[in-house]
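Everything below concerns the one structure shown next.
Every number in this text was worked out from the coordinates using simple rules, so none of it is lab data. This one's a predicted model, so the numbers in the text were calculated from it and none came from an experiment. Here the Cβ positions follow ideal geometry from the backbone for every residue, glycine too, while neighbour counts run over all protein chains shown.
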Amino acid sequence: MSEGAPTPRELIDDEMCFACGKRNPDGLHLEFAADDDGVATSIVFQKKYQGYRNVVHGGLVSTILDEAMVTLLNERGILAVTAELTVRFLAPVPVGERVDVSARLTDHRGKLYGVAAEAALEDGTVAATAVARCVAVGTLGSE
């Protein structure tokens, strides 16, 4: 780790996460619903999040997919970080249109978790998919 990088015990949620932080005035404020199959959320991106005209920037689509996958693990009491993320962009995400995001667990070996997510448009078109390898660095809810 580089000097000053947090250790697992220092990974503290101060509610300033760009994706889900309730106190971050510039954040996306994602809220997830969890069930036995995974987690889900929806978002409508404002124009300030575009890349090309009226198209959401791909980095933000990647962000919501990554957040969904880590949130799934957090919901299961696992403090995890993303070690590897692969995103496939299948269709543009229009500014101002609802995007439904879901994530599910695909495999688990020791501290390594495989997770998959997708972002779908209102008409059901899958706009992007992602797979990630996440590493458990601790547990949640035991403090």
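Quick rundown of the values:
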| item | result |
| --- | --- |
| In Hz, Karplus ³J(HN,Hα) per residue of segment 100-117 (6.51, -1.76, 1.60; θ = phi - 60°; x = Gly, Pro) | 9, 10, 9, 9, 9, 7, 10, 6, 8, 9, x, 8, 9, 10, x, 9, 10, 9 |
| Length-normalised contact order of segment 5-143 in % [C-alpha pairs under 8 Å, at least 6 apart] | 23 |
| Of 106, 41, 129, the one that fluctuates the most in a GNM where the chain has Cα springs shorter than 10 Å | 106 |
| Furthest towards positive pole of dipole, 105, 57, 39, structure part the chain, Cβ charges | 57 |
| Using alpha-carbon coordinates, inclination of helix 58-75 to the longest axis of the chain, degrees | 40 |
| Size of segment 26-82 as Cα extents on the principal axes (Å, biggest first) | 39, 20, 20 |
| Calculated from backbone phi, Karplus (6.51, -1.76, 1.60) coupling profile of segment 28-42 in Hz, x at Gly/Pro | 7, 6, 5, 10, 10, 9, 10, 9, 5, 7, x, 10, 8, 7, 9 |
| Other-chain or far-sequence residues with amide H under 5 Å of residue 39's (modelled H) | 103 |
| Vicinal HN-Hα couplings computed from phi for segment 44-56 (Karplus, 6.51 cos²θ - 1.76 cosθ + 1.60; Hz; Gly/Pro x) | 10, 7, 7, 4, 5, 9, 7, x, 6, 3, 6, 10, 4 |
| Charge sum, other residues only, whose C-beta stays under 13 Å from residue 18's C-beta, Lys/Arg counted +1 and Asp/Glu -1 | -4 |
| Residues whose placed amide H lies under 5 Å from that of residue 78, excluding near-sequence neighbours | 140 |
| Distant-in-sequence amide H partners of residue 127 (H built 1.01 Å from N, under 5 Å) | 119, 120, 121 |
